[in-house]
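Colleague: To start, I am sharing the structure in question, which I have written as structure tokens.
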Amino acid sequence: MITLYTFGPAMGLPDPSPFVMKAQTLLKMSGQPYRVDTKGFSKAPKGKLPYIDDDGEVVADSTFIRWHLEKKYKIDFDRGLGAEQRAVAWAFEKMAEDHLYWALMDARWTKDANFDRGPRAFFQAAPAPIRPLIANMVRRKVRGSLRAHGIGRHAQNEIAALGARSVDAIAGFLGEKPFFMGAEPLGVDATMFAFTAGALCPLFDTPIRSAAERHANLKGYVGRMMERFYPDFGRATAAA
Ligand SMILES: N[C@@H](CCC(=O)N[C@@H](CS)C(=O)NCC(=O)O)C(=O)O
């Protein structure tokens, strides 16, 4: 049985991490049985979630999880795509993961009001007297990562403009198609869904969210993916 290590539902999303949502959606697409464990962060082999334990074989990183599922269970998450479409799918995934992700991190972690509405809750388990210290320490670490990436050297409005441009690109390529590459969801949809849902997250006040909300096709797409892969969660969130 596969165990997927996650943060657990938060911020109105199946998981606050788009990488965890991507891995979980890939597992759902694979049809393999799996269970979720929200207590594995401290043992994460690369210091990040997600990772899986597949009968003793530990695989860290959402892309390596995908490759593991493809190899071990003979799944082609790109089935039906030609070389050009596979290249487009890969390029969009990496745009979301290595570019849009950082713009979303900047919006969630460096803007005080957004931090208070979202990430601050991660520190609830820490003892009250040191909670603000830990939260500030982790925020400093995130700022350091943003600077090391490079995007953190820009002004907040410049970062948001870059993120919004990626959201526009996702909306432009999706167009009127039901899923990213056509009529049926493929591996790239796990990523596009996760990051688009993150961009649309109503908790956060950000120009990236405003950019995403201007695209009706993105909202429809997230709704379709939610209905297909997280029907109970989607309905419960809509009711709330
Ligand atoms: N390349 C990794 C990225 C995973 C990642 O960045 N996870 C974040 C959550 S979104 C994390 O665990 N961060 C904790 C940390 O950096 O301390 C993947 O595809 O799985």
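Colleague: Considering only DSSP beta bridges where both residues belong to the chain, give the percentage that are antiparallel (nearest 5). Show your work: numbers first, answer last.
Modeller: Numbers: 10 of 14 bridges.
Of those bridges, close to 70 percent are antiparallel.
Colleague: Now a separate question. Rounded to the nearest 10 Å², what accessible area does Lys141 show when all protein chains are kept and the probe is 1.4 Å?
Modeller: 140
Colleague: Relative contact order (percent) for the chain, with alpha-carbon contacts under 8 angstrom and 6 or more residues of separation?
Modeller: Relative contact order comes out at 22 percent.
Colleague: Consider all pairwise Cα distances in the chain and report the whole-number % of them above 24 Å.
Modeller: It works out to 46 percent of all Cα pairs.
Colleague: Would any residue of the stretch 1-18 have its amide N under 20 Å from a label point 7 Å out along Cα→Cβ of Lys43? List them or say none.
Modeller: 1-9
Colleague: To the nearest 10 Å², what's Met226's accessible area with a 1.4 Å probe?
Modeller: Estimated to the nearest 10 Å², Met226 gives 30 Å².
Colleague: Can you pull the percent of the stretch 1-156's accessible area that's carbon plus sulfur, 1.4 Å probe, other chains left in place?
Modeller: Carbon-and-sulfur percentage of accessible area, whole number: 57.
Colleague: Measure out, as a whole number of angstrom, how far apart the alpha-carbon centroids of the stretch 15-86 and the stretch 157-197 sit.
Modeller: Distance between centres, Cα-based: 20 Å.
Colleague: State in Å² the accessible area per residue of the stretch 1-140; use a 1.4 Å probe, count heavy atoms of protein chains only, and round to the nearest integer.
Modeller: 50
Colleague: Now a separate question. Counting only protein heavy atoms, what percent of the accessible surface of the stretch 177-240 is carbon or sulfur at a 1.4 Å probe?
Modeller: Values: 1530 of 2610 Å².
The computed percentage sits at 59.
Colleague: Additional query: Using the Cα centre as the reference, give the magnitude of the dipole from point charges on the C-beta atoms of the chain (Lys, Arg: +1; Asp, Glu: -1; all else neutral), rounded to the nearest 20 debye. Intermediate results must be reported in sequence, preceding the final value.
Modeller: On the way: 33 positive and 26 negative charges, 142 e Å.
Roughly 680 debye, rounded to the nearest 20.
Colleague: Further question: Could you tally the net charge around Ala121, taking each other residue with its Cβ under 12 Å from the Cβ of Ala121, Lys/Arg +1 and Asp/Glu -1? Can you show the working numbers first?
Modeller: Working: positive: Arg108, Arg117, Arg120, Arg131; negative: Asp116.
So the surrounding residues net to +3.
Colleague: Report, for the stretch 1-101, the % of DSSP beta bridges that are antiparallel, rounded to 5.
Modeller: Percentage antiparallel, nearest 5: 70.
Colleague: How much length, in nm to one decimal, is gained on full extension between Glu158 and Asp55, taken as 0.36 nm per residue of separation minus their Cα-Cα distance?
Modeller: This chain segment gains 32.6 nm when fully extended.
Colleague: Got a number for the accessible area of Thr191? Probe 1.4 Å, square angstrom, nearest 10.
Modeller: 0
The values are calculated or read from the model by the stated rules, or taken from the named source; none is laboratory data. Here the structure is a predicted model, which is why all the values come from computation and not from measurement. Every residue, glycine among them, receives a Cβ derived from its backbone with ideal geometry; neighbour counts consider all protein chains shown. Note: accessible area is taken over every heavy atom of the protein model, side chains too, but ligands, DNA and RNA are not part of it. Shrake-Rupley method; radii C 1.70, N 1.55, O 1.52, S 1.80 Å.
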